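All remarks here apply to the structure that follows.
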Amino acid sequence: MPDNEYFNTIRGDFQYSTPNAVASRYPFELIDSEETINHIEKRARSIIHSASSRQEARNAIHPPVSNLFEAWISEYSLDTQEGIILMGLAECFLRIDNTDTAFLALEDALLRGQWEKHIGRSPSTFVNSSTFAFLLGSETLNSLEKISRLSSFIDGLVHKFGAPVLVSAVRKCIEKLGDHFVCADTIENAVEKSQNAIELGYSQSFDMLGEAALTFADADRYFESYLHAIDVLRETKNTSFTAIPGISIKLSALDPRYEIRHWPECHKRLYPRLRALCEKASEAEIPITLDAEESHRLEMQLLLMSQLMGDIPFKSNYEMGIAIQAYQKRAIPAIDYLIRSAEKFGRTLHIRLVKGAYWDTEIKSAQQNGLAHYPVFINKRNTDLNYLLCAKKLLAHHDLIYPQFATHNPVSIAAVLEYSQAIPEQMPTSRRFEFQKLYGMGDLFMQYLKTETPYTVRAYTPVGRYRELLPYLVRRLLENGVNSSILGAFHRGTINSQTSSSSPVTVRHPLVLAQPKKVLDNPADLYKPYRKNSPGVNLSCLATLNQAYEALNQTAHHATTFQRPGLMATSILNGEDCHGPSSHVKYSPIDSSLKLGTCGTADVEIVETALSNAHNAYEDIRSSKLSTRCNLLSVFAEALHQHREELSHLAALETGKCIFDSLNEIREAIDFCYYYGQSAANVLVTHPLPHTAGEQNKLGFRGKGVVLCISPWNFPIAIFIGQIIAALVSGNAVIAKPASNAVFLAHRIIKILQGAGLPDHWVQLVLAPGNTIFDTVIPSPQISGVAFTGSFDVAREINIALATRRDSLVPLIAETGGLNAMMVDSSALPEQVIQDTLHSAFNCAGQRCSALRILLVPQQQLKLYETTLIRAMDTLRVDSPLLTETDIGPVIDRDAFTSIQRYIRHEMSTYNVHQVELQKHSPNGHYIAPTLMMCPDLKEIHKEVFGPVLHLVPYDESKPEPTIATLNKKGFSLTFGIHSRIKSRIRSVIEQINAGNIYVNRNIVGAVVGSQPFGGFGKSGTGTKAGGPHYLLHFVNEIAESVNINASGGDPGLFNQYE
């Protein structure tokens, strides 16, 4: 990675909230004067007036509206419920290949809309006819619900003859609408179809793809489609510079691992392909543009562009292009970097300036990752302003940059035209800049440019099958909020050339618009007042990523010296290390020959001492103020944040967790601290209760006493800390028993917490074998509660042991495993299903109680999912967690390794099995390849396999109820997922399934503290919810007090009311 001014600058620009703040850091004057603003607004009103006149003339000659999409956006804008319903239906309908599901999707959409509001309102006969059909369909479906009670015969006729016909008609309707989104299914047809536009003076930039590559086979296919497109365009290329067609390349289409942490390996595969495309395009003089994607890919995109510009084999005069998104706060420094690169290599660079199409994805990602600030502007006004700032900078470097302004906004268009007056007159207009539009949109504004200005107008033209590209484009529209744009307002008739304060959208320069009063909270404040959002690490930055792994590798280097003398883990009683009479050496699952250190084993005497210490500490904890305990948790959170690198490295070495997973787990532990502290302050206070005259009633809470916390090895930080602090803040003393595979982490965490202010005697860390705990601690009358996370079998034994105690009824808080499933129907987007499946099934080597074990797919789509899953799995890298590019580390130990392998090779050996090829690594490491097992019947799966094993099972999509019933009979009730676009089906499945956590259209792991309280029932736990509003109540006894105040002289409040 180059060490230059750009990479130091670009990282800092996340923190600026407005474009003005970003621009103020640069010497170039970017802010418009009042005179310039007035000129821009005047020109914008002229553009709108011209477009309005053209629309009126066109409607008079060709009524109704000839552009079908514009008619739809006019009547069914995305700020109406019906508009959202129709866009959602268009997004999924063409890929549904089951008639019953297609009819259910249509029924679901029709019954949720108020179609009568739209009857006869559109100038388009097609739109009005469709609205009437929607209304008729909704009324028919509503009436059919009543008729079905009277006559199953009539209901049967409708479903037999009506559904297929209705489904077919809707398909044709959506395909008709798709004509205005997608140019053609092949590049040959697209070229032929675009000839009329070319003859009218419009140029084309063809986009061959919709989604990113999921597999290497996808990348191969997309690469070949680009090569083929260049060959086709070579034969049809116009000699005029302005008419030369271009191709937009989506870099994520050329490699399925186009991700920052896979950059070194990805670059080795991707760059030769990109270079080959540019060489071929250079020979054909076809311009290539590297399309913009999510912000976490910006640095890679810029590095590739710079490398391409410096590559000698290309023609010196070949002009490449890149897209820059104005909603990114880093847009200006990115442009600066590109300008410097163009100057350095003596190239003219095309820069397509767009607003950006991943806004809500960027917002959600920043919130999930706990970034300090958003990488994009959080309101449209600032994005529009930044667009103008970027445009001014691009035009100021017309000698190096050929700007391509992709916008339908008349204010943005007017600003570009105003700024362009500074370009020297001797420069040919064809070489100054061009405008670009999305295929099927903005025609009226662009016609103004073609007739009133000398500049090129180019259409960004998607090419592909409707089934694949239409959903992609609809999602882009939903993400980009087309209804809030000036284009959308224009076609809805809510904007004209006269600026009015009463207009929903006014034609004003963004500088003179007030900042919106409603703004998004920063990611850190997302969950207030319930808790802070734990800070994350911005690993989308190459420098930050490299620093993190350099520190990790240094730790790994030190691991080689662990034998001299190595780490030491002991029990900690009242703050003092207690070694015990025996010890044993611990090794890393990364390499079982790598000695980590020695663990001292607690005997019965140490355990009994811990019990006595905890019993004595309880009175001190009970008498402490609740506010003191709550504040202590906030201090713990800060301490964990300060030690996150150390703990993440130790987690990698001791439990085999990848650094990303370890950092996320530390964030979860911090979230627990913030959440339980705030929850205790809100919940565990004394509450007044209703009372009669002369009486006072209140409800208070008191810790149970001594709580035994038994934590697992798969979440050795978050669950270990979460159990302890929940018990502590509730007023209990704690005996902490960590998993034997996570003793070094447990020892270090207790030391960190004690260093942060944890009183030494409040927590006793006991590193004892399970049988010692079972025989000595659980039967002890000094134990008043047990919090356990682990297997169902162990939880059941603990429950039985507690039930046999005669001194008291001791509660058990248990969270165990799950035979977790995800049900997919044919309305779901397969690409999203595959991504969520990979993460849910194989993250942390499948060693999560919430991990996906069973993927239920429609019988008719079984082959599709089997093929795609296998290919997508083959992109995963199983290797040491000390490596940046590792996706999956080892399983925890030799016993786990043997048990999982036995299941794959023997218990399920009759099924077709696919396993990912392992990388070269230590033969002593406990690595298991992600495994897909094709199982024909759900009934044949009987147990949870705690590892990277996924069962692919077909089901009858038309009758999901028997499959759900079979799943429920297995007794596990932890997590469940459903992928569907049909709300009625989603609701039906949710009501039938037994699961503590249900996830819709997303992965099924990674529950967020306070937002997705986690825990199951049945074989999966006692129904308690860690990270939930009621969790702390399981650690306290409720104490009700009733006082007769008349006994001490009466009720003053009552007497005051009498007066």
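The values are calculated or read from the model by the stated rules, or taken from the named source; none is laboratory data. Just so it is clear, the structure is predicted and the values come from calculations on it, not from any experiment. Cβ atoms come from the backbone with ideal geometry, glycine included; neighbour counts cover every protein chain shown.
Results, tabulated for the structure shown:
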item	result
Tally, over the range 429-486, of residues that are modelled with pLDDT of 80 or more, of a type in the set (F, W, Y) and closer than 25 Å to D360 by Cα	2
Residue check for R805: in contact (Cβ under 8 Å) with a residue 24 or more places away in the chain, out of contact with any strand residue (DSSP E or B) (no Cβ under 7 Å at 6 or more places or on another chain) and assigned to a helix (DSSP H, G or I)	no
S46 being hydroxyl-bearing (S, T, Y), within 30 Å of L511 (Cβ to Cβ) and at pLDDT below 65	no
Only listed residue being touching a Ser or Thr at 6+ places or on another chain (Cβ under 8 Å) and either assigned by TED's automatic domain parsing to the domain that holds A841 or surrounded by 14 or more Cβ atoms within 10 Å (Cβ to Cβ) (or both), chosen from D879, D887, D895	D879
Pair list, Cβ < 7 Å and 6+ apart or interchain, from the range 823-843 residues that are within 13 Å of L856 (Cβ to Cβ) to residues that are among the acidic types (D, E)	D825/E957; S826/D97; S826/E957
Qualifying residue in the range 255-266 (condition: in contact with a strand residue (DSSP E or B) (Cβ under 8 Å, 6 or more places away or on another chain) and either part of a helix (DSSP H, G or I) or at pLDDT below 90 (or both))	no
Residue list for the range 570-603, filter: out of contact with any strand residue (DSSP E or B) (no Cβ under 7 Å at 6 or more places or on another chain) and assigned to a loop (DSSP other than H, G, I, E, B)	N574, G575, P581, P589, I590, D603
Pair list, Cβ < 6 Å and 6+ apart or interchain, from the range 261-287 residues that are in contact (Cβ under 8 Å) with a residue 40 or more places away in the chain to residues that are among the aromatic types (F, W, Y) and assigned to a helix (DSSP H, G or I)	R273/F223; L277/Y226
Filter result for L869 (buried (at least 18 other Cβ atoms within 10 Å of the Cβ) and assigned by TED's automatic domain parsing to the domain that holds F976)	yes
Qualifying position, being buried (at least 17 other Cβ atoms within 10 Å of the Cβ), assigned to a loop (DSSP other than H, G, I, E, B) and assigned by TED's automatic domain parsing to the domain that holds S624, among I773, I783	I783
Qualifying residue in the range 900-914 (condition: touching a Lys or Arg at 6+ places or on another chain (Cβ under 7 Å), surrounded by 15 or more Cβ atoms within 10 Å (Cβ to Cβ) and either on the phi < 0 side of the Ramachandran plot or modelled with pLDDT of 95 or more (or both))	no
Only listed residue being of a type in the set (A, V, I, L, M, F, W, C) and closer than 30 Å to T544 by Cα, chosen from L653, L699	L653
One residue from S203, S225, S194 being under 33 Å from the mean Cα position of the chain (by Cα), buried (at least 16 other Cβ atoms within 10 Å of the Cβ) and modelled with pLDDT of 75 or more	S225
Filtered residues of the range 875-884 (kept if under 26 Å from A253 (Cβ atoms), out of contact with any helix residue (DSSP H, G or I) (no Cβ under 6 Å at 6 or more places or on another chain) and polar (S, T, N, Q))	T875
Strands (runs of 3 or more DSSP E) lying entirely in the range 809-858 (those with 2 or more residues that are more than 16 Å from the chain's Cα centre (by Cα) and β-branched (V, I, T))	852-858
Filter result for the condition that a residue is free of Cβ contacts under 8 Å to residues at least 24 places away in the same chain, basic (K, R) and in a loop (DSSP other than H, G, I, E, B), over K959, K943	K959
Cross-chain or 6+ apart pairs with Cβ under 6 Å, the range 593-607 first and without any contact (Cβ under 8 Å) to a residue 12 or more places away in the chain, then surrounded by fewer than 21 Cβ atoms within 10 Å (Cβ to Cβ) and assigned to a strand (DSSP E or B)	none
Scan of the range 719-770 for residues that are under 21 Å from E645 (Cβ atoms), small (G, A, S) and surrounded by fewer than 23 Cβ atoms within 10 Å (Cβ to Cβ), ordered by number	G755, A756
Output for the range 859-885, where each listed residue is in a helix (DSSP H, G or I) and in contact with a strand residue (DSSP E or B) (Cβ under 7 Å, 6 or more places away or on another chain)	Q859, L862, Y865, E866, L869, I870, M873
Qualifying residue in the range 189-206 (condition: polar (S, T, N, Q), closer than 29 Å to P830 by Cβ and in a helix (DSSP H, G or I))	yes
Breaking point among (1) over 29 Å from Q547 (Cβ atoms); (2) in contact with a helix residue (DSSP H, G or I) (Cβ under 8 Å, 6 or more places away or on another chain), for D887	(1)
Restricting the range 313-357 to residues that are β-branched (V, I, T) and not in a helix (DSSP H, G or I), the residue that is surrounded by the fewest Cβ atoms within 10 Å (Cβ to Cβ)	T348
Any pair with Cβ under 6 angstrom, 6 or more apart, that starts in the range 185-201 at a residue that is in the same structural domain as M441 (by TED's automatic domain parsing) and ends at one that is surrounded by 13 or more Cβ atoms within 10 Å (Cβ to Cβ) and assigned to a loop (DSSP other than H, G, I, E, B)	D185/R465; A190/C183; K193/C183
The range 621-631: number of residues that are in contact (Cβ under 8 Å) with a residue 12 or more places away in the chain and under 9 Å from G731 (Cα atoms)	5
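One line per residue, one yes/no per condition, for (1) within 27 Å of the chain's Cα centre (by Cα); (2) in contact (Cβ under 8 Å) with a residue 40 or more places away in the chain; (3) within 30 Å of E265 (Cβ to Cβ):
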residue	(1), (2), (3)
T886	yes, yes, yes
G889	yes, yes, yes
D895	no, no, no
T898	no, no, no
N912	no, no, yes
G925	no, yes, yes
P936	no, no, no
V953	yes, yes, no
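Let's see how each residue does on (1) under 28 Å from F93 (Cα atoms); (2) outside any loop (DSSP other than H, G, I, E, B); (3) assigned by TED's automatic domain parsing to the domain that holds P830; (4) more than 21 Å from the chain's Cα centre (by Cα):
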{"site": "G977", "(1), (2), (3), (4)": "yes, yes, yes, no"}
{"site": "S988", "(1), (2), (3), (4)": "yes, yes, yes, yes"}
{"site": "N994", "(1), (2), (3), (4)": "no, no, yes, yes"}
{"site": "N1003", "(1), (2), (3), (4)": "yes, no, yes, no"}
{"site": "A1007", "(1), (2), (3), (4)": "no, no, yes, no"}
